[in-house]
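A short write-up of the structure that comes next.
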Amino acid sequence: MKSLRILVVVPCYNEQSSVAAVVEDIRRVKIRTGLPVDTLVVNDCSTDNTLAVVRTLDCLHLDLPVNLGIGGCMQAGYKYAYRKGYDMAVQIDGDGQHPADGLPKLLEPLFDDRADVVIGSRFLERKGFQSSFARRVGIRYFRWLNQLLIHKTVHDSTSGFRAFNRKTLEIVNRYYPDEYPEPEAIVQFGLHKLRLLEVPVTMEERQGGASSITFIRSIYYLFKVTLGTLFVYVRLRKQSL
Amino acid sequence: MQSLPITIQVFSLIGTLIFMGFIARLIVRGKLREEYSFVWIACAIILIVFSIWRDGLTQISLLLGVFYPPSLIFLFAIFAIICFLVHLSVVNSRLQQSIKELTHEVAILKKEVTDLQNTGNLVLENEKRSD
């Protein structure tokens, strides 16, 4: 069997206080489990010392010259993974929300070829940080939207803790939603007929940095994601018909 | 029909000519691309036509059954502005898409350059050692 290569993409925007711990966490899991992972930190044009911190770490890094937001930032990582011939890519946020301990669990369905996209969900087993009330209401709404559009139930559609195989990488290499990509991407994957699978993981409350979603922005978030989801749906359905 | 005072006609003509000169200057200096200048040149020409042909607006309004001629101007102007704004939004979205792709390329190239420099330095060091 050809040896697999896995890229862990860590998107970072002003995460100087937490990124080192995240990379270290991944390294520990790599040593403990022997998974063939490389870590790629993508610095989304941070205004603090993130880049300087990342340079001192034992990991690969991309430095975006322009701030693109999480979607564009992740796509840079996925493009890199695709071009460099990685077989799988995992997203682990730079704020320490996703403990790397979940990696083997997340990757297992890909190894067994049971899924193309694996999403780490904090709601399957109600352990760890469960997010705020408002956010849970939003997540429930997206779950309903996904069921309506692609007839699939994803419990934690805003979870960024995800693993893709090569087939999915090829798709996100071409298109990945921009601003708040997670719920929109699920519809995209559903319409590409990819096999989605959720596995239970525990998440932490963020260790550093600020959420990209403040209370005032959450209304915008809902509208933006709903619109984006609907447009992706219409566009891809047309292609697949 | 009562004749309008000539002053306003002269003023609007001068204003329009200045506007046209301004657009021309922007194009010459390369600050405005030709494809976006068409619409402004067209606007200026329409303005010139109506500042010379004073009864034109009234006549067209009568023809269309519009009782208050200036409202015809507002109708057309607002319609034209909205069309142009939509066009600009499209252009803007396209630009944003291009910037995103360029950013990705630059980031990946930057990484490759650093990697090459690092391997180059290693090779140099090894050569020095073997000397």
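If you go through the stretch A:20-58 and keep only what is within 20 Å of A:LEU107 (Cα to Cα) and in contact with a helix residue (DSSP H, G or I) (Cβ under 6 Å, 6 or more places away or on another chain), you end up with A:ASP25, A:ILE26, A:VAL29, A:THR33, A:VAL37, A:THR39, A:LEU40, A:VAL41. Evaluating B:LEU57 against the criteria (1) of a type outside the set (Val, Ile, Thr); (2) surrounded by 14 or more Cβ atoms within 10 Å (Cβ to Cβ); (3) part of a loop (DSSP other than H, G, I, E, B) leaves one unmet condition, (3).
Of all residues in the stretch A:179-190, count the ones that are surrounded by fewer than 19 Cβ atoms within 10 Å (Cβ to Cβ) and either away from chain B (no Cβ under 14 Å) or closer than 21 Å to A:LEU7 by Cα (or both). Working first, answer last.
To start, the set of residues in the stretch A:179-190 that are surrounded by fewer than 19 Cβ atoms within 10 Å (Cβ to Cβ) comprises A:179.
When the remaining residues are screened for being either away from chain B (no Cβ under 14 Å) or closer than 21 Å to A:LEU7 by Cα (or both), the result is none.
Total satisfying the criteria: 0.
Checking each residue in the stretch B:1-50 for being part of a helix (DSSP H, G or I), more than 24 Å from B:LEU85 (Cβ to Cβ) and among the polar types (S, T, N, Q) picks out B:THR7, B:GLN9, B:SER12. In this structure, A:GLU170 qualifies as surrounded by fewer than 20 Cβ atoms within 10 Å (Cβ to Cβ) and over 15 Å from the mean Cα position of the chain (by Cα).
Just to verify a result, which residue in the stretch A:32-53, among those that are of a type in the set (D, E, K, R) and under 13 Å from A:VAL10 (Cβ atoms), is nearest to the other protein chains (Cβ to nearest Cβ)? Write out each step before concluding.
Kept after step one, since they are of a type in the set (D, E, K, R), are these residues of the stretch A:32-53: A:32, A:38, A:44, A:48.
Checking the rest, the ones that are also under 13 Å from A:VAL10 (Cβ atoms) come to A:38, A:44.
Details: A:ASP38: 12, A:ASP44: 10 Å.
Only one residue tops the list, namely A:ASP44.
Going through (1) open to solvent by less than 90 Å² (accessible area, probe 1.4 Å); (2) under 24 Å from B:ILE27 (Cα atoms); (3) under 21 Å from the mean Cα position of the chain (by Cα) one by one, B:VAL49 falls short only on (3). Return the residues of the stretch B:27-44 that are touching a residue at least 12 places away in the same chain (Cβ under 8 Å) and either open to solvent by 80 Å² or more (accessible area, probe 1.4 Å) or in the same structural domain as B:ILE73 (by TED's automatic domain parsing) (or both); say none if nothing qualifies. Scanning the stretch B:27-44 gives a single hit, B:TRP40. From the list A:ILE6, A:ILE70, A:ILE26, the lone residue that is within 24 Å of A:ALA185 (Cα to Cα), touching a Ser or Thr at 6+ places or on another chain (Cβ under 9 Å) and in contact (Cβ under 8 Å) with a residue 40 or more places away in the chain is A:ILE70.
Taking every residue in the stretch B:90-109 that is facing another protein chain (nearest Cβ under 8 Å) and pairing it with any residue that is open to solvent by less than 20 Å² (accessible area, probe 1.4 Å) and among the hydroxyl-bearing types (Ser, Thr, Tyr), at least 6 positions away or on another chain, the pairs with Cβ-Cβ distances below 6 Å are B:ILE108/A:TYR80. Inside the stretch A:54-99, residues that are surrounded by 24 or more Cβ atoms within 10 Å (Cβ to Cβ), out of contact with any strand residue (DSSP E or B) (no Cβ under 8 Å at 6 or more places or on another chain) and either under 11 Å from A:LEU40 (Cβ atoms) or away from chain B (no Cβ under 11 Å) (or both) make up a count of 1. Scanning the stretch B:1-26 for residues that are modelled with pLDDT under 85 and open to solvent by less than 60 Å² (accessible area, probe 1.4 Å) returns B:GLN9, B:SER12.
The values are calculated or read from the model by the stated rules, or taken from the named source; none is laboratory data. These figures come from a predicted structure and were not determined experimentally. Cβ: placed from backbone, ideal geometry, glycine included. Neighbour counts: every protein chain shown. Surface accessibility is based on the protein's heavy atoms, side chains included, excluding ligands, DNA and RNA. Shrake-Rupley method; radii C 1.70, N 1.55, O 1.52, S 1.80 Å.
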